[in-house]
Amino acid sequence: MASQTESEIRDRIVGTWRLVSTEETLNDGTTRPFPVFGPRGKGFLMYQHDGYMCAVITNPDRLKWADPAHSTPEEKAAAADGTFSYCGRYEIDAKHETIVHLPEVASVPGFVGSRQIRPYCFEDGRLIFSDVEKDDPLVASWKIEWEKVP
């Protein structure tokens, strides 16, 4: 496929995307879903034409709250550990095929003000982020797959 312009990529990504899967490839070649989200992770990724985005991924199997109005410390910890989100501006680098997320709010404070570089490709109408893993010595690479919500 010929290179697309930033404008063409923006037109293609704007909208709502539903999480299809997360995957880590370990150094021994085996694969697994991202452990924090489990095999049934749920999430949404939204891009707007005005340059803002928002993403959230959760583990639907995390500890449920027995009483939603009065959660225990363990229930709160499980909710926080099984949920990741951030929102802010985004940039498209068509030449390097990356989308850079610039979180202004995030469930993990260290992400605020960071540059989350997401190498991307489109396969069968899906948006796929993937890269080599830089932080976990047991993991060789990671991949997150999204499908557009009609």
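Filter segment 46-96 down to the residues that are under 18 Å from LEU127 (Cβ atoms) and of a type in the set (A, V, I, L, M) and list them by number.
Across segment 46-96, the qualifying residues are MET46, MET53, ALA55, VAL56, ILE57, ILE92, ALA94.
Can you say whether THR22 is farther than 22 Å from VAL108 by Cα and either in contact with a strand residue (DSSP E or B) (Cβ under 7 Å, 6 or more places away or on another chain) or not basic (Lys, Arg) (or both), as far as the supplied structure shows?
The answer is no for THR22.
Among the residues of segment 55-100, write down those that are acidic (Asp, Glu) and in a helix (DSSP H, G or I). Spell out how you get there, then give the answer.
First, the residues of segment 55-100 that are acidic (Asp, Glu): 61, 67, 74-75, 81, 91, 93, 97.
Within segment 55-100, GLU74, GLU75, ASP81 meet the criteria.
Looking only at segment 16-44, filter to residues that are among the aliphatic types (A, V, I, L, M) and in contact with a Lys or Arg (Cβ under 8 Å, 6 or more places away or on another chain); which one of those is nearest to TRP142 (Cα to Cα)? I'd like the intermediate steps shown before the answer.
Restricting attention to segment 16-44, the residues satisfying the condition of being among the aliphatic types (A, V, I, L, M) are 19-20, 26, 36.
Add one more test, that the residue is in contact with a Lys or Arg (Cβ under 8 Å, 6 or more places away or on another chain), and what stays is 19-20, 26.
Numbers: LEU19: 14, VAL20: 14, LEU26: 9 Å.
Looking at the filtered set, the residue picked out is LEU26.
Every residue, every condition in (1) surrounded by 14 or more Cβ atoms within 10 Å (Cβ to Cβ); (2) touching a Phe, Trp or Tyr at 6+ places or on another chain (Cβ under 9 Å); (3) in contact (Cβ under 8 Å) with a residue 40 or more places away in the chain, yes or no:
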site: ASP67; (1), (2), (3): no, no, no
site: ASP81; (1), (2), (3): no, no, yes
site: CYS87; (1), (2), (3): yes, yes, no
site: VAL105; (1), (2), (3): no, yes, no
site: GLY110; (1), (2), (3): no, no, no
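When you check VAL100 against the structure, is it touching a Phe, Trp or Tyr at 6+ places or on another chain (Cβ under 9 Å), free of Cβ contacts under 8 Å to residues at least 40 places away in the same chain and over 28 Å from ASP11 (Cα atoms), yes or no?
Working: touching a Phe, Trp or Tyr at 6+ places or on another chain (Cβ under 9 Å): yes; free of Cβ contacts under 8 Å to residues at least 40 places away in the same chain: yes; over 28 Å from ASP11 (Cα atoms): no.
In short, no.
Of everything in segment 24-54 that's assigned to a strand (DSSP E or B) and of a type in the set (A, V, I, L, M, F, W, C), which residue is surrounded by the most Cβ atoms within 10 Å (Cβ to Cβ)? Steps first, please.
Of segment 24-54, the ones assigned to a strand (DSSP E or B) are 24-26, 31-32, 42-47, 52-54.
Next, from what is left, pick out any that are of a type in the set (A, V, I, L, M, F, W, C): 26, 44-46, 53-54.
Details: LEU26: 14, PHE44: 16, LEU45: 24, MET46: 16, MET53: 22, CYS54: 18.
So, considering only residues that are assigned to a strand (DSSP E or B) and of a type in the set (A, V, I, L, M, F, W, C), the one surrounded by the most Cβ atoms within 10 Å (Cβ to Cβ) is LEU45.
Every number here is computed from the coordinates shown, using simple stated rules; none is lab data. These numbers were taken from a predicted model, which means no experiment stands behind them. Backbone-built Cβ (ideal geometry, glycine too); neighbour counts: all protein chains shown.
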